[in-house]
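The values are calculated or read from the model by the stated rules, or taken from the named source; none is laboratory data. Keep in mind that what you see is a predicted model, and the values were worked out from it rather than measured. Note: ideal-geometry Cβ built from the backbone for every residue, glycine included; neighbour counts use all protein chains shown. To get the accessible areas, we keep the full protein, side chains included, count just its heavy atoms, and leave off ligands, DNA and RNA. Shrake-Rupley method; radii C 1.70, N 1.55, O 1.52, S 1.80 Å.
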Amino acid sequence: MKTVNHWIGGKTVEGASGNYGPVTDPATGEVTTQVALASADEVDAAVRVAQEAFQTWGQSSLAARTKVLFAYRALLDANRDSIAELITAEHGKVHSDALGEVARGLEIVELACGITTQLKGELSTSVSNRVDVSSIRQPLGVVAGITPFNFPAMVPMWMFPLAVACGNTFILKPSEKDPSAAVKLAELATEAGLPAGVLNVVHGDKVAVDALLAHPGIAAVSFVGSTPIARHIHTTASANGKRVQALGGAKNHMLVLPDADLDAAADAAVSAAYGSAGERCMAISAVVAVGSIGDELVEKIRERAEKIKIGPGNDPTSEMGPLITAAHRDKVASYVKGAADQGADVVLDGTGYTVGGFEKGHWIGLSLLDNVRTDSDAYRDEIFGPVLCVLRAETYEEGVALINASPFGNGTAIFTRDGGAARRFQLEIEAGMVGVNVPIPVPVGYHSFGGWKDSLFGDHHIYGNDGIHFYTRGKVVTTRWPDPSEAPVGVDLGFPRNH
């Protein structure tokens, strides 16, 4: 059986703990790989390698860093398909989805390639008599990233390219469910010329995570995952003196006003709710239909959802793949099975779905729940699967109040032809990312990604300017130089003394 080992100091390092985790092909249900799980001692060894590398990399020129990043961008582009194939094999998402994930990660690499302008400081001259004040930003040291299973390439690329561009060294702890893409990213970085020890990949479970959170040699931790774990990461790492950005879960709403193009809204709801099998924190999982359009909108969503082809991710005709594990599939199904008892109308029931020839895969069909109550489990919890809830509201104000009452505030969207309503919505809604007739408002790389409320713990969003600020710390220098004419007698500095 294939073993995925750590990548430390620019080379493969075999696991020494003796503990391994299974990696499953979600389409077949078969364990295809095992991944080494690091002990606290192995984490410590990786940190020491990264600390040593920082002594040189942290002092390297911006030209040297960007040269590597440009080469890295070219290698990633040339290896899109191979990275996507690893994602499909271990996560299960269809190949086109996996390619899209790589493309979004590349945006941040491209942002990092332009780090020379992003790290320019500020200068104020003559703030007092011959006194100048400048502001600069410097790297933190060794930083860590803990990333989720649902985007095994994109989310790591939201973190480490900017971190290393800013002069830090990085330890990546990817999900143990689909670890191969992370190793491939590190191998390509080394091939691009990134010095040994600047980017390291350490696999593991809670043992490795806790070791990273407690290690005194790590200055900052980035995390993307569920809200309970994000809260724990933030609390624990902060208590250990680290800077933290911890992105949590979501319950993203789409408000559909009576004047909206219902065909466009239905298309958007289907792609946003069921794309990537709903395993993404920016999925639309709740549609709020305002006024009398609810029945028509639900019917249009049902018609489209029934046509989605589910199958193995490596089948080019598949539009949605399996879920990551059988246990997760069963948990998602439980929300659908209990929905009717909690007052919902089950329009589509995707539980019990199988794919011929792949009966042991982690399959589930698309589910659509109408007239969902806000006190039901299907609405309150982040399901993280292909389940779409539809709620009803009589007015715009009622819909906004419903959305703002959610403890989550990651992303939201409004569908309308009314510019005034859209403007009100983007100002009144309590969420970090807002779409206007755009169902999944994931910002481009040069803006920052992050939510509000229980969707973000820490002050900084990820990537964009927030990401650069997170991976650097500011320093202000106040300088006063005496005028050359005030030099001691007998010291000739070569300056003219006639003015």
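Here are the numbers:
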| read-out | value |
| --- | --- |
| Hits in segment 465-494 - residues which are of a type outside the set (D, E), modelled with pLDDT of 65 or more, outside any strand (DSSP E or B) and open to solvent by 60 Å² or more (accessible area, probe 1.4 Å) | N465, H469, W481, P482, S485, P488, G494 |
| Within segment 14-46, tally of residues that are out of contact with any helix residue (DSSP H, G or I) (no Cβ under 8 Å at 6 or more places or on another chain), among the hydrophobic types (A, V, I, L, M, F, W, C) and more than 23 Å from M1 (Cα to Cα) | 2 |
| Qualifying positions in segment 28-58 - touching a Ser or Thr at 6+ places or on another chain (Cβ under 7 Å), over 30 Å from F358 (Cβ atoms), buried (at least 19 other Cβ atoms within 10 Å of the Cβ) and of a type outside the set (D, E, K, R) | A38, A50, A53, F54, W57 |
| Segment 6-27, residues that are surrounded by fewer than 18 Cβ atoms within 10 Å (Cβ to Cβ) and not in a strand (DSSP E or B) | E14, A16, S17, G18, N19 |
| Answer from G100, G92, G105 - the residue that is within 23 Å of Y274 (Cα to Cα), surrounded by 14 or more Cβ atoms within 10 Å (Cβ to Cβ) and without any contact (Cβ under 8 Å) to a residue 40 or more places away in the chain | G100 |
| Any hit, segment 129-138, residues being in contact with a His (Cβ under 8 Å, 6 or more places away or on another chain), in a strand (DSSP E or B), surrounded by 13 or more Cβ atoms within 10 Å (Cβ to Cβ) and in contact (Cβ under 8 Å) with a residue 12 or more places away in the chain | yes |
| Single match in G167, G92, G121 (criterion: over 27 Å from P22 (Cα atoms), at pLDDT 95 or above and either of a type outside the set (F, W, Y) or more than 19 Å from the chain's Cα centre (by Cα) (or both)) | G167 |
| Residue under evaluation A182, criteria (1) out of contact with any strand residue (DSSP E or B) (no Cβ under 7 Å at 6 or more places or on another chain); (2) more than 23 Å from T116 (Cα to Cα); (3) part of a helix (DSSP H, G or I); (4) not hydroxyl-bearing (S, T, Y), criterion not met | (1) |
| Unique residue being farther than 18 Å from A36 by Cβ and either free of Cβ contacts under 8 Å to residues at least 60 places away in the same chain or assigned to a loop (DSSP other than H, G, I, E, B) (or both) when the list is A189, A196 | A196 |
| Selection within segment 103-134 - touching a Ser or Thr at 6+ places or on another chain (Cβ under 6 Å) and charged (D, E, K, R) | E122, D132 |
| Spans of helices (runs of 4 or more DSSP H) in segment 375-437 with at least 2 residues of a type in the set (A, V, I, L, M, F, W, C) and without any contact (Cβ under 8 Å) to a residue 24 or more places away in the chain | 419-428 |
